[in-house]
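In what follows, a structure is listed as structure tokens, so that the remarks can point back to it.
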Amino acid sequence: MTHPDLPDVLRPEREALPLPELRALQLAQLRDMLGRLHERVPASRARFEAAGLTPNDLKNLEDLQRFPFTRKADLTAAYPLGLTAVPRKQLRRIHASSGTGGKPTVVAYDAHDLDIFAEVVARSLYAAGARPGMTFHNAYGYGLFTGGLGLHGGAERLGLCTVPVSGGGTERQLALIDDLQPEVIACTPSYALVLADAMEKRGLKPEDLSLRYAVLGAEPWSDKTRHEVEARLGVKATNIYGLSEIIGPGVSNEDAREQQGSYIWEDHFYPEIVDPGTGEPVADGDWGVLVLSSMTRSALPILRYWTGDITRLLPGENRTGRTLRRMDIIRGRSDDLVILRGVNVYPTQLEAVLTRLGQVSPHYEVVLTRTGLMDELTLRVETPEQSAALGEEIERLVKVQVGVTIRCELCESGTLPRSEGGKLRRVRDLRGER
Ligand code: DLL
């Protein structure tokens with residue numbers, strides 16, 4: 001199945017296409033997509049017409065910038081299924097993601113989409129180190145969330161024996177890992193730490209576990225968490241990225257032997273990085289908002305989706321022979337961006353300060369409050385010892401490195417919210433509350 005020269009690549013004819021061929025394929029796919037949107041989705045046609053555009057206006061890849069973005073609000077306005085491009089009878093599955101308030105975002109798949117979903121997740125798992133015949137412990141939530149069923153379909157496609165554990169029930173998870181001896185686990189990074197805690201409480205050591213690879217995503221995380229998960233569970237951990245509006249997990253994944261950026265499966269998902277303020281493309285390698293077009297999706301093709309995720313496309317060569325571009329970690333979201341007294345702060349910047357300091361755990365929480373007209377940010381961090389000097393040192397480092405004055409509160413181990421298997425919310429905004 002693998003190419004002799006490209007042992008890390010599952011589908012060389014897709015993952016290692018010569019660049020001119022890949023770009024030609026993308027242009028053809030985007031044109032096809034525009035044609036389908038124009039013909040079958042009235043809301044899309046109306047937006048093209050309002051902008052004076054037809055699908056024929058896409059002559060080269062740069063022309064894509066002339067076409068409008070799709071935003072979460074466009075999906076909400078068309079709730080539940082107004083943007084689908086195939087008849088209702090053709091649909092085979094629905095997923096939904098929680099909105100920031102009000103109605104969830106509903107996404108639909110037909111048989112062709114489910115085939116693509118399994119394909120890109122299979123590639124992601126392969127890049128993460130999984131190989132046919134291994135056993136796969138899937139601790140992503142099953143249900144409307146795309147994580148559980150999405151990983152599940154790809155794992156079966158790759159030929160893994162899949163254990164559909166879903167989230168929560170940590171003791172039972174450990175017992176299953178002990179009994180079924182999986183080599184591969186998938187869950188959120190914060191839940192991987194919860195499992196590590198529980199394992200240590202039981203007196204288990206990494207070498208007692210069969211696990212070798214962890215596929216972690218669905219929430220922001222950093223190298224500090226990677227190193228911790230790797231050391232405590234005895235695995236190689238890679239980042240899996242994705243979102244419901246585009247497909248679910250499996251838009252991109254790191255390669256376990258490289259761990260330097262996640263390969264975007266660009267033969268299905270076309271990436272752009274744009275300035276969060278102007279929407280204009282940024283210079284190569286610069287940070288900005290990731291915008292994705294799901295070129296090959298049939299039931300719900302989405303053009304230029306404004307993910308709100310801040311990342312960059314990594315410059316330079318990769319070491320795996322793929323011709324696909326890699327994205328960096330998600331540094332934050334354009335909308336969970338905290339603006340504190342005029343300074344833009346991403347929670348991950350605070351995490352980076354903690355990482356460099358070393359003496360604290362990766363469990364932290366950002367609490368925003370308002371006193372009078374003043375916004376205050378409290379960084380709550382778990383530490384084995386509550387020394388006032390350490391708290392002051394963190395406040396000083398944040399001031400110097402991030403440029404804002406914050407308050408640091410040290411908490412006892414185990415007191416901050418933990419993941420229940422779902423996404424962990426790091427920011428609690430109490431500014432609207434009395
Ligand atoms: O979280 C899909 C997924 C499931 C990805 C399992 C990976 C693993 P949504 O619920 O629609 O879909 O949430 C999508 O989650 O826009 C990011 O803000 C965030 N996100 C997803 N993966 C990562 C990651 C799934 N690896 C939103 N790093 C996205 C950072 C991530 N943030």
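A Förster distance of 60 Å, applied to the separation of the beta-carbon atoms of Glu39 and Ser387, puts the FRET efficiency at 0.35. Distance between the pseudo-spin-label points of Leu397 and Asn344 (7 Å out from Cα toward the beta carbon): 2.4 nm. Computed from the alpha carbon atoms alone, the convex hull of segment 338-429 holds 98 Å³ per residue. Each eigenvalue of the Cα gyration tensor of segment 129-200, multiplied by 5 and square-rooted, gives one semi-axis; in descending order these are 19, 15, 10 Å. Stretching Ala73 away from Leu357 to a fully extended chain increases their span by 98.3 nm, per 0.36 nm per residue minus the current alpha-carbon distance. Ranked for footprinting exposure by Cβ neighbours inside 10 Å, fewest first, Phe48, Phe69 give Phe69, Phe48. Can you tell me the relative contact order of segment 283-434? Whole percent, Cα pairs under 8 Å, sequence separation 6 or more. Rounded, it is 17 percent for segment 283-434. Rounded to the nearest 0.05, the FRET efficiency derived from the C-beta distance between Arg131 and Ala28 at R0 = 25 Å is 0.15. Cβ crowding within 10 Å, taken as a proxy for footprinting-reagent exposure, orders Ile406, Ile94, Ile185 from fewest neighbours to most as Ile94, Ile406, Ile185.
Taking 0.36 nm per residue of separation and subtracting the current Cα-Cα distance, fully stretching the chain between Asp197 and Asn60 would add 44.1 nm. In plain terms, the bigger the Kirkwood radius, the slower the diffusion; for segment 52-127, with that radius from Cα pairs, at 37 °C and 0.692 mPa s, Stokes-Einstein puts D at 218 µm²/s. Mean sequence separation of contacting Cα pairs (under 8 Å, at least six apart), scaled by the length of the chain, corresponds to a relative contact order of 14 percent. For segment 1-333, the spherically averaged projection of the C-alpha convex hull amounts to 16.7 nm². Based on DSSP H segments of at least four residues, each scored -39500 (n - 2.57), the chain has a per-residue ellipticity at 222 nm of -9500 deg cm²/dmol. Neighbour counts of C-beta atoms inside 10 Å place Ser413, Ser222 in the sequence Ser413, Ser222, starting with the fewest.
We did not get these values from a lab; they are worked out from the coordinates using the rules stated. Quick caveat, the model's predicted, so the values are computed rather than measured. With ideal geometry, Cβ positions are generated from the backbone for all residues, glycine too; neighbour counts draw on all protein chains shown.
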